[in-house]
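Let me begin by presenting the structure, written as structure tokens, before commenting on it.
None of the figures in this text is laboratory data; all of them are computed from the coordinates on show. Remember, it's a predicted structure, so these values are computed and weren't measured experimentally. All Cβ positions, even for glycine, are placed from backbone atoms using ideal geometry, and neighbour counts span all protein chains on display.
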């Protein structure tokens, strides 16, 4: 069975979460199957390699990017760097405020986490409106790193998040509704 089918089988739909009218895709059941986690990460890594990109760093976005990003970094034998919510990282940080599906938030990355010219891949679980990944790219821009691609497990195509990320490629495994 291919990876898209395997992932689609375990994702749970949660209607009216976190508010009425939203159909939330709960991906946490994926993590009950270690083989599925490994294969998901390897499938994303394979797509990065197939694209010809050679990242120096994988950047995971809080919180679910922390679940798959380090595994991908390990598979690629490159460092992992976190982007965290405001106030969660010690030492000096670059910050960016952004709008997301349900309101506003702020992200930080430590100033010394990346070197100028680092080629990075941004990793998260889901591409919806694109606000989170767009904000993460802005942090990379402040760090003078080059974002090669945005890499997600799931994409809600009907929200057109790719439109906000048009300057950079997007890799996604499972796409919902066009």
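Residues in segment 24-53 that are loosely packed, with under 12 Cβ neighbours inside 10 Å and either farther than 18 Å from residue 120 by Cα or within 17 Å of the chain's Cα centre (by Cα) (or both): 32, 34, 35. Given the conditions (1) over 21 Å from residue 43 (Cβ atoms); (2) surrounded by 21 or more Cβ atoms within 10 Å (Cβ to Cβ); (3) within 17 Å of the chain's Cα centre (by Cα), which single one is not true for residue 113? Of everything listed in (1) over 21 Å from residue 43 (Cβ atoms); (2) surrounded by 21 or more Cβ atoms within 10 Å (Cβ to Cβ); (3) within 17 Å of the chain's Cα centre (by Cα), residue 113 misses just condition (3).
Number of residues in segment 121-149 that are under 23 Å from residue 29 (Cα atoms) and in a strand (DSSP E or B) equals 6. Among the residues in segment 69-81, are any part of a helix (DSSP H, G or I), touching a strand residue (DSSP E or B) at 6+ places or on another chain (Cβ under 7 Å) and over 22 Å from residue 137 (Cα atoms)? No: zero hits. The set of residues from segment 23-40 being without any contact (Cβ under 8 Å) to a residue 60 or more places away in the chain and outside any helix (DSSP H, G or I) comprises 23, 24, 26, 33.
Taking the residues in segment 116-137 that are over 14 Å from the mean Cα position of the chain (by Cα) and in contact (Cβ under 8 Å) with a residue 40 or more places away in the chain as candidates, determine which candidate is surrounded by the most Cβ atoms within 10 Å (Cβ to Cβ). Per the stated criteria, the residue is 118.
If you go through segment 1-17 and pick out every residue that is in contact with a strand residue (DSSP E or B) (Cβ under 7 Å, 6 or more places away or on another chain) and touching a residue at least 12 places away in the same chain (Cβ under 8 Å), you end up with 8.
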